[in-house]
Amino acid sequence: MAKFYFATTKSKINNLKLFSLMFRLFFLLQLITFPYWVNSQNPYNVYFGNLHSHTDYSGGVSNPRRAFIYARDTAQLDFLAVTDHLESIYYSSYEWDSTKIMANEATSNGTFVGIAGYEWTSPTYNHCNVYNTPDMVSVLNVNNWNAFVQSVVNKIPAFAQFNHPGLTGTNGWNSLAYMGVLPDSVFALMEINSAIQEIFYTIALDSNWHVSPSNGQDNHDADWGTKDDGRTGIWASQLSRTALFDAIKAGRTFATFDKNASAWLDIGGSPIGSRIPYSSNIQVHVVLNDANAESWNYIQLVGANTQLFCNISNHGAALDTTITINPSVSKWIYLRAKQTDEQYIYSAPFYIVGLPTGVNENTESDKIKLSISPDPLTEFSVITFNTLQPKHVTLKIFDILGRWISTLCDQKLPEGKHKFNIPSAILTQGIYLLEYNDSRVCKTIKIIR
């Protein structure tokens with residue numbers, strides 16, 4: 001009996017040792033396999049909300065208190081910004097003060113954050129939201145872009161957002177001409193609420209603005225967060241106003257048309273919004289998820305100068321991969337992905353610094369010059385461009401919502417200079433986008449009727 005007991009005990013000890021060894025190996029495997037994405041996302045969590053909405057203080061309905069409650073309890077957002085029109089609330093201190101009070105009342109760190117902002121609306125320059133200010137900028141500079149920008153700079157740590165790019169009848173914030181380091185530091189966001197608005201995002205990045213994407217519903221009805229599935233995603237250390245604002249100013253955002261989809265990217269642990277030293281062998285870590293398990297039609301890394309670094313087609317809802325790229329002529333890179341139901345997601349960019357001398361010269365995209373004359377359009381307007389070799393070219397006109405209007409060319413062209421008439425008679429007054437595509441180069445320019 002003693003021998004049997006001893007043998008049984010020894011067997012149990014051996015089994016425990018074996019179990020302990022297997023557990024250690026399993027744990028070590030987890031450390032080897034999974035730490036990259038876990039550590040790179042820490043200490044950040046993703047939060048979803050809406051940074052552009054209105055109440056009856058400026059052409060909407062109800063009041064900010066009701067908006068915050070609805071966004072929290074019905075739409076189940078993590079945050080909502082009420083941004084009533086500046087011209088509507090400027091002369092009513094009660095409305096601005098009450099918005100701030102109601103935002104504070106609605107805020108419970110870790111549960112929901114209410115944000116008070118306002119929308120500067122210019123019939124000349126388009127609109128901008130302003131956040132994180134105790135008071136308002138002057139309403140009198142509505143047609144003075146430089147004065148408005150300076151007024152926001154004067155209120156740092158205030159920050160601003162370019163709203164609904166492509167608004168008909170405006171010049172798009174002086175065509176997004178760069179204004180210097182201080183203005184750049186306060187303009188943190190640009191809305192992408194439709195796929196065609198991506199072009200303005202790239203124009204801003206090409207002009208050296210350091211902006212990240214948002215998706216705002218611009219609510220004027222009692223549907224704060226339920227108007228559509230559009231959300232601004234923010235990677236923040238916690239759900240608090242301070243942490244959200246810090247994340248926005250650091251560029252850790254994405255615009256999603258799907259309320260459950262998220263995008264995380266990092267390079268060597270540095271998240272989106274970071275400045276990355278140039279290397280010909282950059283490892284981009286990409287994590288995509290969708291809580292509803294919707295699959296992706298395509299997943300792309302987009303760069304400046306029409307560079308496309310990857311195009312992953314027909315992928316499931318979850319992606320966790322590392323993509324090796326050489327940014328070559330790209331001073332910025334971001335993710336664009338589309339689900340099978342036509343819902344998009346756009347990440348904030350990485351900014352590549354220290355590109356090799358001269359890499360921006362003589363690229364094929366640079367050599368293809370698109371010019372329109374006269375512009376704005378008349379019945380005599382033509383588009384002129386050159387081809388460097390025989391190639392099949394398409395020229396298409398879209399409205400600002402991305403709807404096809406007309407095809408000017410869809411044929412193989414010889415090398416040389418080409419002209420095509422623009423059918424201005426079929427275009428009503430407004431802003432349109434003309435797309436050139438020859439399979440190697442895709443360029444889009446804005447045209448005005």
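The values are calculated or read from the model by the stated rules, or taken from the named source; none is laboratory data. Because the structure is predicted, anything quoted here is derived from the model rather than measured. We place every Cβ from the backbone using ideal geometry, glycine too, and count neighbours over all the protein chains shown. The protein model used for the area step is the full one, side chains on, heavy atoms only, and it has no ligands, DNA or RNA in it. Shrake-Rupley method; radii C 1.70, N 1.55, O 1.52, S 1.80 Å.
Which residue out of S92, S122, S98, S62 is of a type outside the set (D, E, K, R) and within 30 Å of L176 (Cβ to Cβ)? Even if it seems obvious, please write down each step before you answer.
Numbers: S92 fails: within 30 Å of L176 (Cβ to Cβ); S98 fails: within 30 Å of L176 (Cβ to Cβ); S62 fails: within 30 Å of L176 (Cβ to Cβ).
Sole residue among the options that is of a type outside the set (D, E, K, R) and within 30 Å of L176 (Cβ to Cβ): S122.
When the test is whether a residue is open to solvent by less than 50 Å² (accessible area, probe 1.4 Å) and touching a Lys or Arg at 6+ places or on another chain (Cβ under 7 Å), F148 does not pass it. Residues in region 142-154 that are in contact (Cβ under 8 Å) with a residue 24 or more places away in the chain and not in a helix (DSSP H, G or I): V142 alone. Scanning region 295-320 for residues being part of a strand (DSSP E or B), under 24 Å from Y201 (Cβ atoms) and out of contact with any His (no Cβ under 7 Å at 6 or more places or on another chain) gives a total of 14.
A quick yes/no check of all residues on (1) on the phi < 0 side of the Ramachandran plot; (2) of a type outside the set (A, V, I, L, M); (3) open to solvent by less than 50 Å² (accessible area, probe 1.4 Å):
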| residue | (1), (2), (3) |
| --- | --- |
| N63 | yes, yes, no |
| R66 | yes, yes, no |
| L86 | yes, no, yes |
| T107 | yes, yes, yes |
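Taking region 181-294 as the region of interest, the strands (runs of 3 or more DSSP E) fully inside it that hold 2 or more residues being out of contact with any helix residue (DSSP H, G or I) (no Cβ under 9 Å at 6 or more places or on another chain), closer than 21 Å to T322 by Cα and open to solvent by 60 Å² or more (accessible area, probe 1.4 Å) are 275-277, 282-290.
Per the conditions (1) open to solvent by less than 20 Å² (accessible area, probe 1.4 Å); (2) at pLDDT below 85, the sole criterion not satisfied by E361 is (1).
Within region 161-180, the residues that satisfy the criterion of being of a type in the set (A, V, I, L, M, F, W, C), open to solvent by 30 Å² or more (accessible area, probe 1.4 Å) and either without any contact (Cβ under 8 Å) to a residue 40 or more places away in the chain or in contact with a Phe, Trp or Tyr (Cβ under 7 Å, 6 or more places away or on another chain) (or both) are A177, M179.
Could you run through region 78-114 and say how many residues are closer than 23 Å to I156 by Cβ, among the hydrophobic types (A, V, I, L, M, F, W, C) and either in contact with a Leu (Cβ under 7 Å, 6 or more places away or on another chain) or free of Cβ contacts under 8 Å to residues at least 12 places away in the same chain (or both)? The qualifying residues number 3.
Give the residue that is modelled with the highest pLDDT, with candidates limited to residues of region 394-427 that are acidic (D, E) and exposed (fewer than 14 other Cβ atoms within 10 Å of the Cβ). Once the filter is applied, the top-ranked residue is D410. Of the residues in region 439-447, at least one is more than 19 Å from P165 (Cβ to Cβ), open to solvent by less than 30 Å² (accessible area, probe 1.4 Å) and modelled with pLDDT under 85. Output the residues belonging to region 254-267 that are within 10 Å of N215 (Cα to Cα) and of a type in the set (S, T, N, Q). Once the filter is applied, which keeps residues that are within 10 Å of N215 (Cα to Cα) and of a type in the set (S, T, N, Q), region 254-267 yields only T256. Each residue in region 162-180 was checked for being in a helix (DSSP H, G or I) and more than 21 Å from the chain's Cα centre (by Cα), and 0 of them qualify. For region 63-101, the set of residues classified as modelled with pLDDT under 95 and within 24 Å of D229 (Cβ to Cβ) is empty.
Taking the condition open to solvent by 10 Å² or more (accessible area, probe 1.4 Å), within 20 Å of I192 (Cα to Cα), among the aliphatic types (A, V, I, L, M) and under 18 Å from the mean Cα position of the chain (by Cα), does L308 pass?
Taking the combined requirement at face value, the residue satisfies it.
Quick check, is Y334 modelled with pLDDT of 95 or more, surrounded by 15 or more Cβ atoms within 10 Å (Cβ to Cβ), of a type in the set (S, T, Y) and touching a Pro at 6+ places or on another chain (Cβ under 7 Å)? So Y334 fits the description; yes.
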